[in-house]
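In what follows, a single structure is set out as structure tokens and then discussed.
The values are calculated or read from the model by the stated rules, or taken from the named source; none is laboratory data. What you are looking at is a predicted structure, and each value in this text was computed from that prediction instead of being measured. Heads up, the Cβs are rebuilt from the backbone with ideal geometry, glycines too, and the neighbour counts pull from every protein chain shown.
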Amino acid sequence: MSGNNSKLLKIRALDVSYGSVQVLFGIDLDVTPGEIVSIIGPNGAGKSTVIKAVIGIAPAQRGSIHFKGREITRQPAHEIPALGIGYVPQGRIVFAEMTVTENLEMGAFLLKDGKRVRDAVDRVFSEFPRLHERRKQNAGRLSGGEQQMLAIGRALMLDPELVILDEPSLGLSPKYVDIIFEKLMGLKEQGRTLLMVEQNAARALSVSDHAYALELGKNRFSDTGQALLNNTDVRKMYLGGA
Amino acid sequence: MMELLDPIVLTQFAVGGILAGALYALLACGLNLVFGVMKVINLAHAELMLLGSFLTWLLFTTFEIHPLVALPFIMVVLFFFGYGLQRVLIERIVGTTELSSLMVTYGLAIIMMNLGLLIFSSDFKAVPALQGAWFLWDEIIISIPRGVAGIVALLVTLSVYLFLEKARIGKAIRAVAEHADVALICGIDVVKIRMITFGLSAAMAGAAGVMLSMIYSFSPETGPDFILKCFAIIIIGGMGNFAGAFFGGLLLGVVEAFTAGFISTQWAEGVAYMLLVIILLVRPTGLRGKAHA
């Protein structure tokens, strides 16, 4: 078997522009099944845009995106979850005026069978007991960390192979940053594959099997998380010196 | 003046006001549903209502079909009319400025009104399908058409509310209203949900039109009075808030009834806007509205 076919996600020469402003220039990225892969880089490097192109909410002008060997470039966003990709948006966006349970139900909107939806809700509740305790409350009343758990739980409702997270630790208290990273490791142990964008580069690299460092919309470095963590250029450019 | 403070008279006003307010509530909830989901203020909402009224009148005068029998049929017709309207017209202005949505829907209202004048002339029509009165405790008089119209309006509004709260598609409508982009990545076809939402809103307007035809005389030019009042109601209740529009509608009905009883019917026509000013002075986001960040 060639190495390419063993990739869960494969991005080649991806260009993305918003209007006349080009944000990504020929990005290449691979995600191997079972790994945690991180994209790091300063603000404006185009990190989030890469994953937004994957889930179909940023327009890919050129290049290709393959998931499980199937081309998904320019696939409409609402068709992405059915393929086995879950997405946790930046800023832990939940449906604030809907209950915790209803938020999870939305994650399984594609399932028309109520029994399967309830089973999936129960599965997420067993993984996040805190959400179960607060199941009848409106999501707007949860703490920031609980909302992030809910956003992750919602992305897990369809039992996706690949979970994509946009800045999972942004704006959380240190205690919840620990809890969330622990959860991400737990997801990996369950056999799921994770692709995340993270401003907390040191933390992200320490849990990543593989990582990509972007600069101004281009690939700059890519290696194992540990290797990037030890790379002096990476330390200088992305980890604030030291 | 003293006889106006008689509890029976007061109850009479309140009951009449709630029944009239139920029709406002049904209409305003439909208008607010579209605003909540796509931030489009549909100035043609009252014309959709009148489409329901004229269909009722046609079915009644041509085939002698009773308005209450025609109701489900007319709601289905209006649903698909709204669904198609969203697909060909309104979808194009979703996400643009509020000014363009006002211009497009105002244009639509004018086209519908003039088509109505062309087909039906400006003569007033009425559908006298129900007559008579109920007497509650021998003293409170409720005209049967108004009683039936009010109760049906309440039932339709309640059904839509339950649909939004409990049904899979209803929940998806609420999700799209909150965060269309997150709903999209949950696998919800947001464009289709908006078509269903506009269809639902049009079906509610159609139901209001059926009820209107039984209690008022109407012409193709009846729309503007209603749309302005509905607009006042959704601001009073809170923009985009379903329950707010419901209680705002009932409140307006009751306040109008008391104003008509204590002062005059002319004053009742203007009281919606006075109520609007007072509520906005006390609570600028409306009764159930949230402060915008």
For residues in segment B:176-189 being at the interface with another protein chain (Cβ under 7 Å from one of its Cβ atoms) and of a type in the set (Val, Ile, Thr), which is nearest to A:GLN90 (Cα to Cα)?
B:VAL182
Kindly indicate which of A:ALA96, A:ALA155 is of a type outside the set (S, T, N, Q), in contact with a strand residue (DSSP E or B) (Cβ under 9 Å, 6 or more places away or on another chain) and closer than 19 Å to A:ILE179 by Cβ.
A:ALA155
Count, please, the residues in segment B:190-203 that happen to be touching a helix residue (DSSP H, G or I) at 6+ places or on another chain (Cβ under 8 Å) and within 11 Å of another protein chain (Cβ to nearest Cβ).
3
A:ARG141 - would you say it is surrounded by fewer than 20 Cβ atoms within 10 Å (Cβ to Cβ) and within 14 Å of chain B (Cβ to nearest Cβ)?
yes
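Counting only residues that are on the phi < 0 side of the Ramachandran plot and among the basic types (Lys, Arg), give me the helices (runs of 4 or more DSSP H) lying completely in segment B:179-293 with at least 2 of them.
Numbers: elements: B:180-185, B:190-215, B:223-237, B:242-262, B:265-282.
Answer list for segment B:179-293: B:190-215.
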What pairs come out if I take residues in segment B:259-274 that are closer than 22 Å to B:ILE235 by Cα and pair them with residues that are modelled with pLDDT under 90 and surrounded by fewer than 14 Cβ atoms within 10 Å (Cβ to Cβ) whose C-beta lies under 6 Å away, six or more apart or interchain?
B:THR259/B:TRP267
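Hey, can you tell me all the residues within segment A:202-232 that are aliphatic (A, V, I, L, M) and under 19 Å from A:LEU165 (Cβ atoms)?
Filtering segment A:202-232 down to residues aliphatic (A, V, I, L, M) leaves A:202, A:204-205, A:207, A:211, A:213-214, A:216, A:227-229.
Result: A:ALA202, A:ALA204, A:LEU205, A:VAL207, A:ALA211, A:ALA213, A:LEU214, A:LEU228.
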Among B:VAL76, B:VAL94, B:VAL104, B:VAL69, the single one that is touching a Leu at 6+ places or on another chain (Cβ under 8 Å) and of a type in the set (Val, Ile, Thr) is B:VAL104
Which condition number does A:SER48 fail, the rest of (1) more than 14 Å from every other protein chain (Cβ to nearest Cβ); (2) at pLDDT below 95; (3) in a helix (DSSP H, G or I) being met?
(1)
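Here's the yes/no breakdown for (1) more than 28 Å from B:LEU59 (Cα to Cα); (2) of a type in the set (Ser, Thr, Tyr); (3) out of contact with any Ser or Thr (no Cβ under 8 Å at 6 or more places or on another chain); (4) free of Cβ contacts under 8 Å to residues at least 24 places away in the same chain:
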position	(1), (2), (3), (4)
B:ARG92	yes, no, yes, yes
B:THR96	yes, yes, yes, yes
B:PHE120	no, no, no, no
B:ASP123	no, no, no, no
B:VAL127	no, no, no, no
B:TRP137	yes, no, yes, yes
B:ALA149	no, no, yes, no
Among the polar types (S, T, N, Q) and either at pLDDT 95 or above or out of contact with any strand residue (DSSP E or B) (no Cβ under 6 Å at 6 or more places or on another chain) (or both): does that describe B:SER121?
yes
Filtered residues of segment B:50-65 (kept if in contact (Cβ under 8 Å) with a residue 60 or more places away in the chain and either under 13 Å from B:ILE196 (Cα atoms) or not in a helix (DSSP H, G or I) (or both))
none
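When the residues of segment A:184-237 are narrowed to those that are among the hydroxyl-bearing types (Ser, Thr, Tyr) and closer than 18 Å to A:VAL50 by Cα, which ends up farthest from the chain's Cα centre (by Cα)?
Looking at the filtered set, the residue picked out is A:SER222.
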Sort out which residues of segment A:51-78 are more than 13 Å from every other protein chain (Cβ to nearest Cβ) and at positive phi, and write them in order of number.
A:GLY63, A:LYS68, A:GLY69, A:ARG74
Among the residues of segment A:109-126, what is the count of those that are under 17 Å from A:ALA139 (Cα atoms) and within 8 Å of chain B (Cβ to nearest Cβ)?
0
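Do we have A:GLY217 as modelled with pLDDT under 90, touching a Ser or Thr at 6+ places or on another chain (Cβ under 6 Å) and either surrounded by 20 or more Cβ atoms within 10 Å (Cβ to Cβ) or of a type outside the set (Val, Ile, Thr) (or both) here? Lay out the reasoning, then the answer.
Details: modelled with pLDDT under 90: yes; touching a Ser or Thr at 6+ places or on another chain (Cβ under 6 Å): no; either surrounded by 20 or more Cβ atoms within 10 Å (Cβ to Cβ) or of a type outside the set (Val, Ile, Thr) (or both): yes.
So A:GLY217 fails the test.
Select from segment B:254-285 the residues that are touching a Leu at 6+ places or on another chain (Cβ under 7 Å) and under 19 Å from B:ALA25 (Cβ atoms) and write down the one among them that is modelled with the highest pLDDT.
The initial filter retains those residues of segment B:254-285 that are touching a Leu at 6+ places or on another chain (Cβ under 7 Å), namely B:255, B:261-262, B:272, B:275, B:279.
Then keep just the ones that are under 19 Å from B:ALA25 (Cβ atoms); that gives B:255, B:272, B:275, B:279.
On the way: B:VAL255: 94, B:ALA272: 86, B:LEU275: 87, B:ILE279: 85.
The qualifying residue modelled with the highest pLDDT is B:VAL255.
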Segment A:79-108: number of residues that are at the interface with chain B (Cβ under 8 Å from one of its Cβ atoms), closer than 21 Å to A:VAL54 by Cβ and crowded, with 23+ Cβ neighbours inside 10 Å
6
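hydroxyl-bearing (Ser, Thr, Tyr) and over 21 Å from B:GLY21 (Cβ atoms): which single residue out of B:SER143, B:SER121, B:SER159 fits that description?
Only one candidate passes the filter, namely B:SER121.
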